[in-house]
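Where a number appears in this text, it was derived from the coordinates with a stated rule and is not lab data. Values in this document were obtained by computation on a predicted structure and should not be read as measured data. No Cβ is skipped: glycine too gets one built from the backbone with ideal geometry, and neighbour counts run over all protein chains shown.
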Amino acid sequence: MGEIVAGMLAPHPPHLVYAENAPQNEPRSEGGWEVLRWGYERARKSLEDRPYDAIVVHSPHWRTTVGHHFLGVPHFESLSVDPVFPNLFRYRYALDVDVALSEAICDEAAAAGLTTKMMRNPQFRVDYGTITSCHLVRPEWDIPIVCISSNRAYYTFSNDVGEAQMVALGEATRRAIAASGKRVLLLASNSLSHRHFTEEPELPEDMSCEHVYNHNQYLWDMRVLGHMRAGRSRQLLDEMPDFIEQAVSECKEGSLTWLIAALGFPEYPAEVHGYGNVIGTGNAVVEWDPRRGGA
């Protein structure tokens, strides 16, 4: 029987890959955003005693209007350029896809009544959110991935409809993994509060210019992290529509709700490996270890 070895909130600011001077990334930096990067280091160390066969990531930056889409090509190689920060992120990637697991989650979600589609275009450019989160969690790129798109139900209908869709998708993901016989790591590739600065400093990694955009965002981020640390996942989802609106949260893309549902609405505490701001947005590296809940 398959299992989820861990779930992680794994935000994708390209600044973090830039700051660590990843060999796949063309721009060079002098560092920056160390608290978040060290948080990812702690997360990687935490996972060392739990081998896994695949990484399933839900990304806010593969946006699909009709349905939930899944990568369905065994291998991708290309150059990923961030459309907002091309000066920071020009990353040459090569990754493998666990097509069998991707198809299994797609089929399980369809059986649950969701609209789904496998993406079979070999020329498809994998989004930078997927690439950044996967790099920061597993820079060796030696584990195949499954990538799920961000459906626009939140925008087309309402936050409540979007939340219901993501809960159903998360539960379908859990069932498909259980039936697969595989050990899987789940990644929700999103920030928390998400209002950005509109101008970048001359030196992007100048940390004297980095802080939370406003105090309201900080208070909301701390409230949400408090729920995670206390195991209050149901309360977190109850408050999610308000968090989305009042903190302009990237959770509106559904990744965190999908993760919490896939983990079975954990009542055990999550481990916050790091919290920090990137261009004003709130980002946290958070891990849920099912062993803490007796699983």
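Computed values, structure above
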item: Spatial separation of Cα centroids for the stretch 244-279 and the stretch 129-180, in angstrom; result: 12 Å
item: Spin-label pair His215/Arg120, simplified geometry with 7 Å Cα→Cβ offset, distance in nm; result: 5.7 nm
item: Within straight-line cross-link reach of Lys182, aspartates and glutamates at Cα separation under 12 Å, skipping those fewer than 8 residues along the same chain; result: Glu3, Asp53, Asp98
item: Total charge dipole magnitude, the stretch 46-105, about the Cα centre, Cβ charges on Lys, Arg, Asp, Glu only, Debye to nearest 20; result: 340 debye
item: Arg291 versus Val35: modelled label distance in nm, points set 7 Å from Cα along the beta carbon direction; result: 2.9 nm
item: Listed residues Pro269, Pro74, Pro11, most fluctuating in the chain (Gaussian network, C-alpha, under 10 Å); result: Pro74
item: Whole-Å semi-axes of the stretch 180-241's equivalent ellipsoid (Cα gyration tensor); result: 29, 19, 10
item: Surrounding net charge for Thr64, when Lys and Arg each add one and Asp and Glu each subtract one, Cβ distance under 13 Å; result: +1
item: Cα pair distances exceeding 35 angstrom across the chain, given as percent; result: 10 percent
item: In Å, descending, principal axis extents of the Cα set of the stretch 140-295; result: 51, 39, 29
